[in-house]
Amino acid sequence: MIATIALRELRSLFSSPQLWMLLALTLTLLAWFFLLSTDYYLNQYQHQADAEYGFTLVIVGNLFSKAAHLLLLILPLLSMSLINAERRQQTLALLLCAPVSPWQIIVGKYLALQAILLFLLALLSLMPLALISGGSLDVVHTLSALLGCWLLMSLFAAVGLLFSSLSKSAMLAAGGSFSLLLLLWGIDWQGTGDDPLVAWLSTQHHYAALLKGQVRLQDVVYFPLLALLALWLATSTLARQGHRHALAFKKSINLLLLFIAISLAWLSVKYDKQWDWTTNHSHSLSFKSQQILKQLPEPLQITAYVGAEKPKLRQAIRQFLHTYQQHKNNLHLHWLDPALLPNSLPDKRHPEALLHIRYQTREAFVSELKGSLFTTQLQGLTRSRQHNISFLRGHGERDPLGNANFDLGTWGIHLTKLGLQLHLLDLAQAPQVPDNTDVLVIASPRISLAPGEVQAVLDYLQTGGQLLCLFDPSLAPDSLQGLAPLAKHLGFELLPGQIIDPSSQRLFGLRNASIAMVSNYPAHPISKALGRTLFPQASALKLNTQQTWESTTLLQTGEQAWRNTDWQKTSKALEDNPTNQEKQTLGILWQRTLNHPDKLAANRQRIAVLGDGDFLSNQYVDNHSNLELGIQLLNWLLAEETQMEIPLHTAIDAKLVLSESLRILLTLGFLFILPGFLLLMAVFFVWQKRRRIS
């Protein structure tokens, strides 16, 4: 009997022109929002190099968020006549007198409405699926959003059916269901979640979690529980009209079901479970992040600089830190209102800090709620101590804070995020390298160092200092820029010319072969997780015998590379077919044991010399694994090998590429063709009804 009622109601709904017009209007508006979100992401969001959230959250999440607002208006209109029409046509009394129970009537009509909702959901799912052609859509996250939308529609439909059974007027039924749904949606309008009861009753609170790919037990319980409660109340309403003799029995059942519903709601909150339905693992900590927390056994104090007038931001911070608190019980959150206590704000180095992290005597600052950024700051707290990196200046070196293509600003920003302190050092003003310098960086000097400056560098090495030295090819007679005593001390030569690598030209389709490629590495902590690295206009190094130091050749090209001393031949490298092709050395590491208890790495002194500085420049640092190599080099020099095991996190769906023709096709398909088909269906049923009348 349920199937008969459902099929009868389904035929009535699908033959209604109003339904098809309503679906067409809904799809048109949602397509408009979808296309706007896609354009926004393509033009702005995906250009962030360290994007933690991809287009699935930005585009798909926004699409289903807008869908919820439209459904809040549409579903009361769809469901307002399901019972009310039967009463208006005087067929309800016949149904109640037939051998059909009230619950069969309600369930049959509800299943018919569910079929309509699933049809709408199927049409809506075409939009996120279309993005697969332009990027790696997070399918699991999309399924979470679809699940949330279906649960939301099911609840809205059940409430609409309840009011349709209560009211004799269709408009009153629509108005009543809309009012209740709006109340449930906006009951926690500030989004604070401070009151547990208000937070649980808020439809928006549960729906937002599912849109983010965060499936919680309380959310999965909330929607079906309220929907079943609404359906049972609708059944009781019909029962009072057709079976008055069972009224006392119905009241006892109602009380029992209400008690069960409250108990289930309480249990779902008390024993809440959470599942991360995102391929990016946006709502769960990776194993390596958990390992960082284990390295911080003492209490971790977090101070948030947010006043009470920003409740939504406070709630966002609570939810953000909840994932970390699940793995660290002694992570404590404190609030500080900047307006009330201005003297307690972060220091001038961090004026935009949102969170202040303190662990023992160490501290770090976070300016935005990004998991990768927060974990990176925690990682910096695990370092044995605060490290100072001094960059030599005064000879045309690359600036770690500069924005020019030649400079190292991007690399410097990442080093700062890792908790390293960057300083500029001018040996013309300072007689020696400061004692608190943990690593001295000499980044591609273009003017020769004075003899006194070279001696200061050698004195620094004599006391066990760590050094990173980058050279570039030069036409000058002294290509070492005055650092020949350093080369003699370590036992290496900077060979003339620049490296030509035809393999990189063939692989990447480059105009010339002056970009050397390294893809094979020796077994070493630095190269443990490296992919290809590219070195534009690099010099080759030659390692000589050295008894004092232990040396390791870290970077070498393939066997097709060669050195070109004629700078005009770089664009014709493939045509020349030189006879001196062999592996070219780009990077060498040295280390030795010294009796300096105040130095790093259990008295191990470490030096790295590379024949290229362009690979870390702002122009090339984002290519392949160049940035990772730069970070791993400093971690090795600082003897912080544990820092190397945590890769930088970027969303797998961060990249979205849609050609102009594909974007036009999406616009035509979702904004015109699909709604046009639905309007044609409406016209067809109008014509069919007129034909029957005539």
Q) Being buried (at least 19 other Cβ atoms within 10 Å of the Cβ) and under 17 Å from Ser444 (Cβ atoms), is that true of even one residue in segment 377-387? A) no
Q: Please determine, by comparing only the residues of segment 57-106 that are surrounded by 15 or more Cβ atoms within 10 Å (Cβ to Cβ) and outside any helix (DSSP H, G or I), which one is modelled with the highest pLDDT.
A: Met80
Q.
Condition (residue is in the same structural domain as Phe535 (by TED's automatic domain parsing), in contact with a Cys (Cβ under 6 Å, 6 or more places away or on another chain) and at pLDDT 90 or above) applied to segment 417-437: is it met by at least one residue?
A. no
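Yes or no, residue by residue, for (1) over 21 Å from Ala487 (Cα atoms); (2) at pLDDT 85 or above; (3) not basic (Lys, Arg):
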{"site": "Ile500", "(1), (2), (3)": "yes, yes, yes"}
{"site": "Phe508", "(1), (2), (3)": "yes, no, yes"}
{"site": "Ile515", "(1), (2), (3)": "yes, yes, yes"}
{"site": "Pro522", "(1), (2), (3)": "yes, yes, yes"}
{"site": "Gln537", "(1), (2), (3)": "no, yes, yes"}
{"site": "Ala540", "(1), (2), (3)": "no, yes, yes"}
{"site": "Thr545", "(1), (2), (3)": "no, no, yes"}
{"site": "Leu554", "(1), (2), (3)": "no, yes, yes"}
{"site": "Gly558", "(1), (2), (3)": "yes, yes, yes"}
Q. Do we find a residue being at pLDDT below 80 and surrounded by fewer than 19 Cβ atoms within 10 Å (Cβ to Cβ) anywhere in segment 314-333?
A. no
Q. Given the structure, is Ala199 buried (at least 17 other Cβ atoms within 10 Å of the Cβ), part of a helix (DSSP H, G or I), assigned by TED's automatic domain parsing to the domain that holds Asn62 and at pLDDT below 90?
A. yes
Q) Among the candidates Leu336, Leu401, Leu369, which residue alone is at pLDDT 75 or above, more than 26 Å from Gln290 (Cβ to Cβ) and touching a Phe, Trp or Tyr at 6+ places or on another chain (Cβ under 8 Å)? A) Leu336
Q | Matching helices (runs of 4 or more DSSP H) fully within segment 448-543 where at least 2 residues are over 39 Å from the mean Cα position of the chain (by Cα) and buried (at least 18 other Cβ atoms within 10 Å of the Cβ) | A | 451-462, 484-490
**Q.** Of the criteria (1) within 33 Å of the chain's Cα centre (by Cα); (2) in a helix (DSSP H, G or I); (3) at pLDDT below 85, which one Asp50 fails
**A.** (2)
Q: Kindly list, by first and then second residue, each pair from a residue in segment 167-185 that is not assigned by TED's automatic domain parsing to the domain that holds Leu226 and surrounded by fewer than 19 Cβ atoms within 10 Å (Cβ to Cβ) to a residue that is outside any helix (DSSP H, G or I) and of a type in the set (Lys, Arg), limited to pairs with Cβ atoms under 6 Å and residues at least 6 apart or on different chains.
A: none
Q.
Under 6 Å between Cβ atoms, which residue pairs at least 6 apart in sequence (or on different chains) link something in segment 650-661 that is outside the structural domain of Asp138 (by TED's automatic domain parsing) and of a type in the set (Asp, Glu) with a partner that is in a loop (DSSP other than H, G, I, E, B) and at pLDDT 80 or above?
A. Asp653/Gly54; Asp653/Ser136; Asp653/Asp138
Q: Identify the residue in segment 359-393 that is among the aromatic types (Phe, Trp, Tyr) and part of a strand (DSSP E or B) and, among all such residues, is nearest to the chain's Cα centre (by Cα).
A: Phe365
(Q) Please go through (1) modelled with pLDDT under 85; (2) surrounded by 17 or more Cβ atoms within 10 Å (Cβ to Cβ) for Glu575 and return the number of the only condition it doesn't satisfy. (A) (2)
**Q.** Filtered residues of segment 1-46 (kept if without any contact (Cβ under 8 Å) to a residue 24 or more places away in the chain and outside any helix (DSSP H, G or I))
**A.** Gln44
Q: Return yes when Val159 is β-branched (Val, Ile, Thr) and not in a helix (DSSP H, G or I) and no when it is not.
A: no
Q) Across segment 135-167, which residue is nearest to Val58 (Cα to Cα) among those that are more than 25 Å from the chain's Cα centre (by Cα) and aromatic (Phe, Trp, Tyr)? A) Phe156
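Conditions (1) over 15 Å from Leu126 (Cα atoms); (2) at pLDDT below 95; (3) surrounded by 13 or more Cβ atoms within 10 Å (Cβ to Cβ), marked per residue:
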| residue | (1), (2), (3) |
| --- | --- |
| Leu656 | yes, yes, yes |
| Ser659 | yes, yes, no |
| Arg663 | no, yes, yes |
| Leu666 | no, yes, yes |
| Met681 | yes, yes, yes |
| Phe685 | yes, yes, yes |
| Arg691 | yes, yes, no |
| Ser694 | yes, yes, no |
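The values are calculated or read from the model by the stated rules, or taken from the named source; none is laboratory data. Please read these numbers as outputs of a predicted model, since none were measured by experiment. Positions of Cβ are backbone-derived with ideal geometry, glycine not excepted, and every protein chain shown enters the neighbour counts.
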